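The next block holds one structure in the form of structure tokens; read it before the comments.
The values are calculated or read from the model by the stated rules, or taken from the named source; none is laboratory data. None of the values given here were measured: they were computed from a predicted structure. No Cβ is skipped: glycine too gets one built from the backbone with ideal geometry, and neighbour counts run over all protein chains shown. The accessibility values were calculated without ligands, DNA or RNA, using every heavy atom of the protein model including side chains. Shrake-Rupley method; radii C 1.70, N 1.55, O 1.52, S 1.80 Å.
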Amino acid sequence: ALFTVGDYLAERLAQIGIRHHFIVPGDYNLILLDKLEAHPALTEVGCTNELNCSLAAEGYARACGVGVCVVTYSVGAFSAFNGIGSAYAENLPVILVSGAPNTNDVDQHLLHHTLGEHDFIYQLEMAKRITCCAVAIRRAAHAPELIDRAIRMALLKRKPVYIEVPTNLSGEACAQPGPISAVVKQMPSDAPALDAAVTGASEFLRAKQKPVILVGPKVRRVGAEKVLLQLVEAIGCAVVLQPAAKGSFPEDHAQFAGIFWGQVSTLAADTIVNWADVLICIGTVFTDYSTVGWTALPSVPQLVADIDSVALANPNMYFSHVQLQDFLVRLAEAVSWNSCTMTEYNRLRPDPALGQASRGQERLTRKEVARQTQLLLTPETTVFTETGDSWFNGIQLCLPAGAEFEIEMQWGHIGWTIPASFGYVLAKPERRTILMTGDGAFQMTAQEVSQMVRCRIPIIILLINNRGYTIEVEIHDGLYNRIQNWNYALLVEAFNSEEGGGRALGLKAHTAEQVSEALKRAIAHKDGPTLIECNIHQDDCSRELITWGHFVAAANSRVPAKDK
Ligand code: TPP
């Protein structure tokens, strides 16, 4: 049979490990979808809209290492750009494939789904700003080069890419692909730069007495968790994590010293960071959020190991092209043991505060939901936490070894957990996935629960209904933070269909007893998602949210600097 552009793309996607591709059909991409569907290794997953489609691919990339989303021109792609923004911000390789107008119409006609002007380049131009590589195939013969280039860049940079395929090219003949190794091969570190970075870093550390390791969210993006552990155990010092890095280091490890974000830190992580004389920052990202409105920017000298570089405070030096994995392995061999901060941390480590169980009939509280969520966690659990008070509830959880934790703290799109967890579970069906979300967030992407029903995915959705945008109330309140209250438990059951698929279970809880009953039913329900609407008082939120909100609000409202 004829080997086509569509077959080429399908083959490459299968070769890099894609098993599910997320799609919304449209006349500009239908032939391409046929070609992808025809590949034996690929399963097409239809989504309810392109925002959810792109976020599902983003979640899939978290589980599988790479994700794909196929949409139609403009009406589809513009909505998908949001999830692509997330992939960029969160360092996830997501391949956005968009159908496009017939090549014969370029510069000739006005077309549907376009801006109505003689211009078919705008979408490519827009995609360039939010991807690390954007290509538009204009001739079938160019497809192999452009597809290979885009996929290679996505994997190399761990950022999203864009591939535009005109509707009349997907079925055109094209060359067959060569070995995939040429596309997936990673770039080795520059050897002299790596040597110099390791020597410089170990001398720098030797001159310090009180090192602390601060782990950031990029560690997991490059799969450096294991080599991080080697370094940690070679030094013996205290290890703290940034909030978005939760899940990258075992919390039952003797050297784990909490989540560091200033005044909302867990387990007194801020105290040991303040005591340190050097901070070994590994894959860290400092933003207004992770530094609690710039109140927790560490001031001690730093050694910063990023995905592809190392920077030292003293001597003040920068080494580019040093891969994080390579650096951690080599530094672990070069450093000497210094457990000084661990000894101190053991003195000041707070005793575990066992949350008081509330009495069964009492009005449900946030604390009680958090306490019962904690009891659910096993090594097989993955927790997704939504922007909102769910972040703080999630970050407070104590993860057993093996439990995974997903958060989208850089992009912070409310509603992300629903489509992202859906995508994630398709790649990791063996995990017990629990998501913690707010009522406001849920309203953004609720219809993707219907996909969980269709695909019989037993995700447990803990929806904390505090009747409003509480996180925003704490930052800056106004009438705009009040939202229409829905019957959430009833809503998800509306997605059940006589025509097939599984079943959603919608449950309501107003008391502790009702939550524990509901959780039992949720765990037993394997044929689709369970949503538990946990109804709490409007002002019932975490101490951390109020504290953090106060400082973020202060940072947001700084007056403009005077001209000098
Ligand atoms: N739009 C998007 C797409 N993302 C956002 N982060 C916002 C708007 C701004 N925003 C941040 S949090 C939030 C909003 C609107 C409210 C979240 O409310 P809810 O999900 O009920 O969580 P709660 O804080 O009440 O727990």
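With the requirement that a residue be under 20 Å from Glu368 (Cα atoms) and not aliphatic (A, V, I, L, M), what does region 454-468 give you?
Kept after step one, since they are under 20 Å from Glu368 (Cα atoms), are these residues of region 454-468: 460-468.
Matches in region 454-468: Asn465, Asn466, Arg467, Gly468.
State all residues of region 391-419 that are under 19 Å from Pro529 (Cα atoms), within 13 Å of the ligand (Cβ to nearest atom) and not β-branched (Val, Ile, Thr); if no residue qualifies, say none.
Gly415, Trp416, Pro419, listed by residue number.
If I filter region 31-45 down to residues being under 19 Å from Gly76 (Cα atoms) and of a type outside the set (D, E, K, R), which single residue comes out as surrounded by the most Cβ atoms within 10 Å (Cβ to Cβ)?
Filtering first and then ranking leaves Leu32.
How many of the residues in region 77-95 are more than 16 Å from the ligand (Cβ to nearest atom) and out of contact with any Pro (no Cβ under 9 Å at 6 or more places or on another chain)? Give the derivation first.
Pass one, region 77-95, residues more than 16 Å from the ligand (Cβ to nearest atom): 77, 91-95.
Narrowing further to those that are out of contact with any Pro (no Cβ under 9 Å at 6 or more places or on another chain): 77.
Number satisfying all stated conditions: 1.
Among the residues of region 422-445, how many are within 13 Å of Thr382 (Cβ to Cβ), touching a residue at least 60 places away in the same chain (Cβ under 8 Å) and within 15 Å of the ligand (Cβ to nearest atom)?
1
Tell me, please, whether a residue that is outside any strand (DSSP E or B), touching a Ser or Thr at 6+ places or on another chain (Cβ under 7 Å) and under 29 Å from Ala196 (Cα atoms) can be found in region 276-297. Before the answer, list the steps.
Step one: list which residues in region 276-297 are outside any strand (DSSP E or B), which gives 276-277, 283-297.
Add one more test, that the residue is touching a Ser or Thr at 6+ places or on another chain (Cβ under 7 Å), and what stays is 276, 297.
Adding the requirement that they be under 29 Å from Ala196 (Cα atoms) leaves 276, 297.
Checking region 276-297: at least one residue is outside any strand (DSSP E or B), touching a Ser or Thr at 6+ places or on another chain (Cβ under 7 Å) and under 29 Å from Ala196 (Cα atoms).
Could you look through region 161-189, keep only residues that are touching a strand residue (DSSP E or B) at 6+ places or on another chain (Cβ under 7 Å) and either of a type in the set (Val, Ile, Thr) or within 24 Å of Lys128 (Cα to Cα) (or both), and pick out the one that is most open to solvent (accessible area, probe 1.4 Å)? Reasoning before the result, please.
The first filter runs over region 161-189 and keeps only residues touching a strand residue (DSSP E or B) at 6+ places or on another chain (Cβ under 7 Å), leaving 161-167, 170-174.
Of the ones still in play, those that are also either of a type in the set (Val, Ile, Thr) or within 24 Å of Lys128 (Cα to Cα) (or both) are 161-167, 170.
On the way: Val161: 0, Tyr162: 0, Ile163: 0, Glu164: 2, Val165: 4, Pro166: 2, Thr167: 31, Ser170: 2 Å².
Checked region 161-189; the qualifying residue most open to solvent (accessible area, probe 1.4 Å) is Thr167.
If I filter region 381-403 down to residues being open to solvent by less than 20 Å² (accessible area, probe 1.4 Å) and of a type in the set (Gly, Ala, Ser), which single residue comes out as nearest to Ile475 (Cα to Cα)?
Gly388
Is one or more of the residues making up region 355-365 open to solvent by 30 Å² or more (accessible area, probe 1.4 Å), of a type outside the set (A, V, I, L, M), more than 28 Å from Phe286 (Cα to Cα) and within 16 Å of the ligand (Cβ to nearest atom)? Spell out how you get there, then give the answer.
Narrowing region 355-365 to residues open to solvent by 30 Å² or more (accessible area, probe 1.4 Å): 355-359, 361-363, 365.
In the following step, the residues that additionally are of a type outside the set (A, V, I, L, M) were identified as 355-356, 358-359, 361-363, 365.
From what is left, the residues that are more than 28 Å from Phe286 (Cα to Cα) are 355-356, 358-359, 361-363, 365.
Still in the running and within 16 Å of the ligand (Cβ to nearest atom): 365.
Within region 355-365, one or more residues are open to solvent by 30 Å² or more (accessible area, probe 1.4 Å), of a type outside the set (A, V, I, L, M), more than 28 Å from Phe286 (Cα to Cα) and within 16 Å of the ligand (Cβ to nearest atom).
Residue under question is Thr378, and the condition is that it be open to solvent by 20 Å² or more (accessible area, probe 1.4 Å), touching a residue at least 24 places away in the same chain (Cβ under 8 Å), of a type in the set (Ser, Thr, Tyr) and within 20 Å of Trp548 (Cβ to Cβ); does it hold?
Values: open to solvent by 20 Å² or more (accessible area, probe 1.4 Å): yes; touching a residue at least 24 places away in the same chain (Cβ under 8 Å): yes; of a type in the set (Ser, Thr, Tyr): yes; within 20 Å of Trp548 (Cβ to Cβ): no.
For Thr378, the condition - open to solvent by 20 Å² or more (accessible area, probe 1.4 Å), touching a residue at least 24 places away in the same chain (Cβ under 8 Å), of a type in the set (Ser, Thr, Tyr) and within 20 Å of Trp548 (Cβ to Cβ) - is not met.
Among the helices (runs of 4 or more DSSP H) confined wholly to region 115-212, which include 1 or more residues that are of a type in the set (Val, Ile, Thr)?
Numbers: elements: 122-129, 143-157, 181-184, 191-206.
Where helices (runs of 4 or more DSSP H) fall fully within region 115-212 and carry at least 1 residues being of a type in the set (Val, Ile, Thr), they are 143-157, 181-184, 191-206.
Kindly provide the set of residues from region 1-30 that are over 23 Å from the mean Cα position of the chain (by Cα) and open to solvent by 10 Å² or more (accessible area, probe 1.4 Å), ordered by number. Break it down into steps so the answer makes sense when it comes.
At the first step, the residues of region 1-30 found to be over 23 Å from the mean Cα position of the chain (by Cα) are 1-12, 15, 25-30.
Listed by number, the residues that qualify are Ala1, Leu2, Phe3, Asp7, Glu11, Gln15, Pro25, Gly26, Asp27, Tyr28, Leu30.
Go through region 315-352 and count every residue that is of a type outside the set (Gly, Ala, Ser), outside any helix (DSSP H, G or I) and over 24 Å from Arg220 (Cα atoms).
9
With respect to Glu448, determine if the residue is away from the ligand (no atom under 11 Å from the Cβ), out of contact with any strand residue (DSSP E or B) (no Cβ under 7 Å at 6 or more places or on another chain), in contact (Cβ under 8 Å) with a residue 12 or more places away in the chain and in a helix (DSSP H, G or I).
Values: away from the ligand (no atom under 11 Å from the Cβ): yes; out of contact with any strand residue (DSSP E or B) (no Cβ under 7 Å at 6 or more places or on another chain): yes; in contact (Cβ under 8 Å) with a residue 12 or more places away in the chain: yes; in a helix (DSSP H, G or I): yes.
When the stated conditions are applied, Glu448 passes them.
Could you pull out the residue among Asp288, Asp270 that is of a type in the set (D, E, K, R) and surrounded by 16 or more Cβ atoms within 10 Å (Cβ to Cβ)? Give the derivation first.
Numbers: Asp288 fails: surrounded by 16 or more Cβ atoms within 10 Å (Cβ to Cβ).
Result: Asp270 is the single residue among Asp288, Asp270 that is of a type in the set (D, E, K, R) and surrounded by 16 or more Cβ atoms within 10 Å (Cβ to Cβ).
Report yes if some residue within region 514-527 is within 16 Å of the ligand (Cβ to nearest atom) and either outside any helix (DSSP H, G or I) or within 30 Å of Pro429 (Cα to Cα) (or both); otherwise report no. Talk me through it step by step, then tell me what you get.
Step one: filter region 514-527 for residues within 16 Å of the ligand (Cβ to nearest atom), giving none.
Checked against the condition, which is being within 16 Å of the ligand (Cβ to nearest atom) and either outside any helix (DSSP H, G or I) or within 30 Å of Pro429 (Cα to Cα) (or both), region 514-527 yields no hits at all.
I need the full set of residues from region 46-73 which are closer than 21 Å to Ile31 by Cα and open to solvent by 10 Å² or more (accessible area, probe 1.4 Å), in order please.
At the first step, the residues of region 46-73 found to be closer than 21 Å to Ile31 by Cα are 46-50, 53-54, 57, 67-73.
Across region 46-73, the qualifying residues are Gly46, Cys47, Thr48, Asn49, Glu50.
Report the residue count in region 463-503 for those that are hydrophobic (A, V, I, L, M, F, W, C), away from the ligand (no atom under 11 Å from the Cβ), crowded, with 20+ Cβ neighbours inside 10 Å and outside any loop (DSSP other than H, G, I, E, B).
Result for region 463-503: 2.
Report whether or not Ser86 is open to solvent by less than 20 Å² (accessible area, probe 1.4 Å), at negative phi and small (Gly, Ala, Ser).
Numbers: open to solvent by less than 20 Å² (accessible area, probe 1.4 Å): yes; at negative phi: yes; small (Gly, Ala, Ser): yes.
Criteria met by Ser86.
Looking at region 474-510, which of its residues are touching a helix residue (DSSP H, G or I) at 6+ places or on another chain (Cβ under 7 Å) and acidic (Asp, Glu)?
Listed by number, the list holds a single entry, Glu474.
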